[in-house]
Amino acid sequence: MRGNCLRLWAHWVVLAAGLCAPAAAAAEAKSDSALPAFTEAEWTAQVAIWRETTLRLRRSQATTAPMQTTGNVEVVPGADAASSVALLAPGTVSNPSLDAISVQGTQISEDSITNVQTVGVDEGGIVKQHGNHLVVLRRGRLFSIDLRADTLKPVAAVDAFGPGIDPKQGWYDEMLISGDTIVVVGFHYGEGATGIGLFDIDEAGAIRYRDTYFLRSEDYYSSSNSASRLIGQTLIFYSPVSLHSWKVEHGDYLPSMGRHAAGTKPTTYVPTLPITRIYRSRARPMVEDESPTLHVVTRCTLSQPAMDCESSAVLGPPSRQFYVSNDAAYVWTTDWPDEEGKPAPSSVMRLPLDGSAPSQLQTSGGPIDQLSFLQGADDYLNVLLVAESRGDGMWASEINGGDAALLRVPLSAFGGLTNAARTSDYRSLPRTQEWDSSNRFVGDWLVYSGDPESGGTSGTTPVHAVRYAANEPVQTLRTPFVPERIEAMGGHGILVGADEQGDLHFASLRLEQRATLASSFIQPGAAQGESRSHGFFYRPANSETGILGLPIVRALPKGMQRYVEDSAAVVYLRNQSLRLTSMGQLEAAAVTQRGADDGCKASCVDWYGNARPIFIGQRVFALLGYELVEGEVVDERIRERRRVDFNPRPGFP
């Protein structure tokens with residue numbers, strides 16, 4: 001049903017109305033409220049299919065190449081030994097059940113310094129506030145900086161990894177703070193696992209290492225998304241695990257967590273879910289050619305010194321997008337398209353954060369990135385879909401685009417294997433950009449960048465705005481630049497992007513009865529220094545005015561280079577009833593731009609950026625690499641007040 005009917009939105013919508021209605025009605029008649037979990041016997045049968053594939057490959061390879069060995073462990077010829085060698089078998093210690101855990105807390109402090117997608121759901125980042133201190137994660141170290149007594153003073157600098165952990169084997173990417181606990185999230189290739197480092201921070205800003213846990217997974221990295229979320233004292237991780245036949249053969253594929261032991265003692269892993277918490281996303285078994293993947297969502301409580309965790313997993317295809325609302329995690333999986341240019345069969349899984357069974361909706365196409373999702377207060381899920389979606393693993397989200405549609409469905413539509421979105425749940429929309437598409441839900445509106453080749457004035461890019469819950473026409477505006485970023489600015493929006501001449505444009509977007517471009521500001525000879533949503537921040541003074549900040553670089557380096565080098569400055573603009581005016585910049589010192597030897601031992605590339613605008617109360621800061629610069633607003637201009645260099649090796653030339 002899914003392959004023949006649901007892939008028909010955009011210019012197939014009229015056809016779909018006649019073809020899908022009977023099948024959708026039949027699906028609704030026999031739908032279940034949740035996905036079925038595997039029984040032990042069903043999982044054994046599924047694993048047997050993959051193992052048969054392994055045996056068939058072995059027989060084939062035996063006639064062409066001898067099997068290599070590493071010690072007593074077989075290695076697939078041509079494969080990376082680190083990914084092929086079996087991890088240690090899970091231990092036998094029972095894991096405390098988290099079935100009764102409730103998500104604690106529903107709203108992040110109003111003083112949050114992170115530009116998050118959902119109020120109340122914090123996202124792993126590089127800088128957080130703890131009382132009177134800023135905590136910064138950079139290049140494998142944690143730093144705390146005291147903001148009290150009208151000064152800036154470095155307090156602590158510690159490794160972001162525990163003793164006995166090889167720093168060259170891992171990346172330390174994301175940080176969250178719950179109470180007096182700092183959580184550092186990274187990926188450790190030696191363990192083949194997501195690493196969760198716990199640190200204690202006190203009122204004086206001193207940081208002390210507590211513990212490290214490893215969660216078996218594959219690299220979670222996404223150029224646009226974070227793998228970790230925090231709601232109150234509940235930590236939430238997404239970690240995909242591909243189930244290729246060689247991994248199944250070694251028996252190390254099920255989600256497990258291990259506590260790091262000091263010294264050379266190997267990590268002992270404890271399962272975080274039984275087979276009966278692995279859920280099916282389709283009725284038939286999956287075969288090797290479909291690249292079966294366990295999409296694992298793990299919940300951990302931070303209310304005790306020792307971290308307790310439990311996972312839920314759904315078996316499905318590999319391509320994915322990850323989004324977290326206040327009460328559920330969503331994983332969107334996409335199959336390979338049957339025909340090029342047409343939307344691929346897909347499904348969206350909803351995993352409640354209270355640990356209850358997940359549900360699913362069969363769909364078509366896929367999101368651009370996590371910003372394409374909105375679970376509204378009206379209990380509807382709204383998603384901007386494109387025909388060609390490759391998920392958000394690594395840099396995949398940067399090449400999602402094509403024909404577009406808005407999916408709007410009530411949460412009650414989710415259920416078991418047969419639940420499917422109806423044709424009437426899709427609304428055809430104008431095409432998106434095919435590269436670096438930007439999109440955002442702002443208030444009652446969905447705003448996204450359109451296809452520059454769709455007609456209109458040469459050298460301009462369409463921007464489409466639509467009220468996602470209303471049956472109103474799509475409104476199309478045109479900008480003289482390609483919008484690389486769309487953000488909320490109070491109840492309105494702002495578009496940011498560079499033009500062909502190398503200038504950076506800011507355009508305010510009025511969202512009232514109609515969507516209109518209100519004003520613009522151009523920063524000559526500049527480009528964004530950070531592509532992630534966390535690089536932007538808007539601090540409202542009231543409903544009409546506020547200040548926004550964004551890292552910039554002064555030239556336009558090619559490709560990703562501008563996102564992994566130090567930003568030159570953070571630019572600040574005043575919003576006055578959607579009129580944008582320059583307030584100036586806080587700049588990095590020239591010596592910082594030339595680089596410095598910091599003795600980096602881990603995470604020596606800033607994949608998550610290194611610059612942020614920061615607003616705390618009435619104070620304004622710019623994080624620029626190893627510098628924290630404080631500014632003050634005088635006569636509507638921002639000027640430097642003080643700065644501190646917290647490079648771990650002071651005295652560099």
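The values are calculated or read from the model by the stated rules, or taken from the named source; none is laboratory data. Computed from a prediction, not measured in an experiment: that's the story for all the values here. Note that each Cβ is placed from the backbone with ideal geometry, even for glycine, and that neighbours are counted across all protein chains shown.
Laid out as a table, the results:
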{"read-out": "Residue within region 290-302 that is touching a helix residue (DSSP H, G or I) at 6+ places or on another chain (Cβ under 7 Å), farther than 17 Å from Asp252 by Cα and modelled with pLDDT under 85 present", "value": "no"}
{"read-out": "Filter result for Phe214 (under 20 Å from the mean Cα position of the chain (by Cα), crowded, with 20+ Cβ neighbours inside 10 Å and over 18 Å from Arg139 (Cα atoms))", "value": "yes"}
{"read-out": "Strands (runs of 3 or more DSSP E) within region 143-189 that include 1 or more residues without any contact (Cβ under 8 Å) to a residue 60 or more places away in the chain and not hydrophobic (A, V, I, L, M, F, W, C)", "value": "181-188"}
{"read-out": "Only one of Arg514, Arg440 that is at pLDDT 95 or above and either of a type in the set (Val, Ile, Thr) or over 30 Å from Val553 (Cβ atoms) (or both)", "value": "Arg514"}
{"read-out": "Pairs, first without any contact (Cβ under 8 Å) to a residue 60 or more places away in the chain and over 13 Å from Tyr572 (Cα atoms) in region 621-643, second among the β-branched types (Val, Ile, Thr) and not in a strand (DSSP E or B), C-beta under 6 Å, six or more apart", "value": "Glu627/Thr592"}
{"read-out": "Identity of the residue in region 378-399, surrounded by fewer than 22 Cβ atoms within 10 Å (Cβ to Cβ) and modelled with pLDDT of 95 or more, that ends up farthest from Ile275 (Cα to Cα)", "value": "Asp378"}
{"read-out": "Cβ pairs under 6 Å, 6+ apart, first in region 590-603 and among the acidic types (Asp, Glu), second modelled with pLDDT of 85 or more", "value": "Asp598/Asn647; Asp598/Pro648"}
{"read-out": "Positions within region 566-608 being assigned to a strand (DSSP E or B) and either at pLDDT below 85 or farther than 20 Å from Asn115 by Cβ (or both), in sequence order", "value": "Gln576, Arg579, Thr581, Ser582, Gly584, Glu587"}
{"read-out": "Pairs with Cβ under 9 Å, 6+ apart, first in region 264-287 and under 16 Å from Leu254 (Cα atoms), second in a loop (DSSP other than H, G, I, E, B) and among the β-branched types (Val, Ile, Thr)", "value": "Thr268/Val93; Val270/Thr92; Val270/Val93; Ile275/Thr39; Thr276/Thr39"}
{"read-out": "Residues (farther than 19 Å from Lys168 by Cα and acidic (Asp, Glu)) located in region 187-210", "value": "Asp200, Asp202, Glu203"}
{"read-out": "Residue within region 607-617 that is farther than 23 Å from Phe161 by Cα and exposed (fewer than 15 other Cβ atoms within 10 Å of the Cβ) present", "value": "yes"}
{"read-out": "Selected residue (criterion: modelled with the lowest pLDDT) from residues of region 267-282 that are within 24 Å of the chain's Cα centre (by Cα) and among the β-branched types (Val, Ile, Thr)", "value": "Thr272"}
{"read-out": "Filter result for the condition that a residue is surrounded by 15 or more Cβ atoms within 10 Å (Cβ to Cβ), in a strand (DSSP E or B) and out of contact with any Ser or Thr (no Cβ under 9 Å at 6 or more places or on another chain), over Ile522, Ile494", "value": "Ile522"}
{"read-out": "Filtered residues of region 307-327 (kept if part of a loop (DSSP other than H, G, I, E, B) and at pLDDT 85 or above)", "value": "Met307, Pro317, Ser325, Asn326, Asp327"}
{"read-out": "Scan of region 241-266 for residues that are farther than 22 Å from Pro318 by Cβ, assigned to a loop (DSSP other than H, G, I, E, B) and modelled with pLDDT of 80 or more, ordered by number", "value": "His260"}
{"read-out": "Residue among Tyr189, Tyr172 that alone is in contact with a strand residue (DSSP E or B) (Cβ under 9 Å, 6 or more places away or on another chain) and crowded, with 21+ Cβ neighbours inside 10 Å", "value": "Tyr172"}
{"read-out": "Among (1) within 21 Å of Ser531 (Cα to Cα); (2) at pLDDT below 95; (3) not polar (S, T, N, Q), the one test that Val127 misses", "value": "(2)"}
{"read-out": "Qualifying residues in region 328-355 (those that are modelled with pLDDT of 80 or more and over 17 Å from Ala413 (Cα atoms)) - the one surrounded by the fewest Cβ atoms within 10 Å (Cβ to Cβ)", "value": "Asp354"}
{"read-out": "Hits in region 288-306 - residues which are surrounded by fewer than 14 Cβ atoms within 10 Å (Cβ to Cβ) and among the hydrophobic types (A, V, I, L, M, F, W, C)", "value": "Ala306"}
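Here is a yes/no grid of residues against (1) more than 30 Å from Gly502 (Cβ to Cβ); (2) in a strand (DSSP E or B); (3) modelled with pLDDT of 95 or more:
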position	(1), (2), (3)
Ser449	no, yes, no
Gly456	no, no, no
Gly459	no, no, no
Ala465	no, yes, yes
Thr476	no, yes, yes
